[in-house]
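The values are calculated or read from the model by the stated rules, or taken from the named source; none is laboratory data. The structure displayed is predicted, hence computed values, not measured ones. Here the Cβ positions follow ideal geometry from the backbone for every residue, glycine too, while neighbour counts run over all protein chains shown.
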Amino acid sequence: MAIIVPTITAEDPHVYRTQIERVQNFAKRIHIDLMDGVFTPNTSVSTDQIWWPEDVVADVHVMFQKPDSQLEALISLKPNLVVIHAESDCDIRQFARALNEAGISCGVVLFPETKPEVIKQYSTEIQHVLIFSGNLGHQGGSTANLDLLEKVAQIKALNSKLEIAWDGGVNESNVSELARAGIDVINVGGFIQHTPNAGLAYEALSKLLP
């Protein structure tokens, strides 16, 4: 069954804490964005500034040109999952193995123009694939391109055990379709964080899941 996962996208520790506090009372799992200002147009809090409540499962999305520069720091944090971009400058097979040896899952993000076949060479060494339809480095303001859902079947053909996630433009009009199409993890930024009552927004989306 699909799950709604609030995202944390913050440029400084104060905003980071505010976003965590907005979702910590209801979120079972969160998605934390890290940005280097090279792979992305802007920067975020640094790896050594992130934290999460003990009772929350944390995924860390590393939008870095060279994500392996953060490998040791990420392992020390012991998140549930670390997600890096297929388009980054990284030996993804080696990165995944290092995480897996530390008991951490590894995921790969696919930009809209990136075909799932690029993960074929390491599809059995990762555990998660994120279909990206967002505005890189920003929270909110994006549109969910549902044509990208064709990637779900392509990913499953490579490895049926992979968890599949979505990021970008999620709202009440499309969340059901995303879940029915086979998306397991529905990451949600602006719809939850940019609303007066984050809990009600989360509940509204959750109720629409099949």
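Quick look at the values:
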item: Restricting segment 27-78 to residues that are hydroxyl-bearing (Ser, Thr, Tyr) and more than 20 Å from Gln139 (Cβ to Cβ), the residue that is surrounded by the fewest Cβ atoms within 10 Å (Cβ to Cβ); result: Ser76
item: Subset tally (residues that are more than 20 Å from Lys66 (Cα to Cα) and touching a strand residue (DSSP E or B) at 6+ places or on another chain (Cβ under 9 Å)) for segment 16-49; result: 11
item: Sole exception among (1) among the hydroxyl-bearing types (Ser, Thr, Tyr); (2) part of a helix (DSSP H, G or I); (3) over 22 Å from Ala27 (Cβ atoms) for Thr114, by number; result: (2)
item: Segment 171-210, subset without any contact (Cβ under 8 Å) to a residue 12 or more places away in the chain and not aliphatic (A, V, I, L, M), residue surrounded by the most Cβ atoms within 10 Å (Cβ to Cβ); result: Thr195
item: So Arg97, is it modelled with pLDDT of 95 or more, over 12 Å from the mean Cα position of the chain (by Cα), over 24 Å from Trp51 (Cα atoms) and of a type in the set (Lys, Arg); result: no
item: Ile126 being in a strand (DSSP E or B), modelled with pLDDT of 95 or more and of a type in the set (Val, Ile, Thr); result: no
item: Pair list, Cβ under 7 Å, 6 or more apart: segment 53-80 residue in contact (Cβ under 8 Å) with a residue 60 or more places away in the chain, other residue of a type in the set (Phe, Trp, Tyr); result: Met63/Phe39
